[in-house]
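To start, the structure itself, in structure tokens.
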Amino acid sequence: MTIGQRLKNIRLALHLKQAEFGQRIGLSQPTIGQYEKETRPITERVISQLIAEYNINEEYLRYGNGAMFCHQPTDLVTELATKLQLTRREQQLLLAYSTIPVDKRERFLDFAQDLLVKLQE
């Protein structure tokens, strides 16, 4: 598997379109497409930005070794749950939120905020 194919697999695992994936690090949809098709080489700067923004395992991205991401969402939620003393249901809510595509999270947050306001009345 090539670096372009691994990049595409990462993007798909995050449930992001090329434009959404690139936007978070200041790249256009055509640029991401070129990286995935390997018609344009991925620079070291872009690799560093991708690793930092998406918590990608560098060994996986470059060579296909190891897990795709450094920490799985469940690991991070478990760590956060311990620090914040979250219940099992609260942990499940965080995990569910992490699976919502980024472009749909704003709608969920609006709903949650409206719900909180109504509960406080």
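Summary table
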| read-out | value |
| --- | --- |
| Which numbered condition Leu27 fails, given (1) open to solvent by less than 80 Å² (accessible area, probe 1.4 Å); (2) under 24 Å from Met1 (Cβ atoms); (3) free of Cβ contacts under 8 Å to residues at least 12 places away in the same chain; (4) not acidic (Asp, Glu) | (3) |
| Which numbered condition Ile32 fails, given (1) closer than 20 Å to Pro101 by Cα; (2) β-branched (Val, Ile, Thr); (3) at pLDDT below 95 | (3) |
| Count of segment 1-49 residues which are in a loop (DSSP other than H, G, I, E, B) and over 16 Å from the mean Cα position of the chain (by Cα) | 9 |
| Matching option when the condition is part of a helix (DSSP H, G or I), aliphatic (A, V, I, L, M) and open to solvent by 60 Å² or more (accessible area, probe 1.4 Å), among Leu61, Leu76 | Leu76 |
| Residue match in segment 103-114 (condition: more than 21 Å from Lys17 (Cα to Cα) and not in a helix (DSSP H, G or I)) | no |
| The listed residue being in contact (Cβ under 8 Å) with a residue 12 or more places away in the chain, outside the structural domain of Gly22 (by the TED database) and surrounded by fewer than 14 Cβ atoms within 10 Å (Cβ to Cβ), out of Thr87, Thr99, Thr82 | Thr99 |
| Residue in segment 78-92 that is closer than 30 Å to Tyr35 by Cβ and either touching a Ser or Thr at 6+ places or on another chain (Cβ under 8 Å) or not charged (D, E, K, R) (or both) present | no |
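The values are calculated or read from the model by the stated rules, or taken from the named source; none is laboratory data. Model, not experiment: these values are computed from the prediction. Note: ideal-geometry Cβ built from the backbone for every residue, glycine included; neighbour counts use all protein chains shown. Ligands, DNA and RNA are stripped out before the accessible areas are found, and what is left, the full protein with its side chains, is counted by its heavy atoms. Shrake-Rupley method; radii C 1.70, N 1.55, O 1.52, S 1.80 Å.
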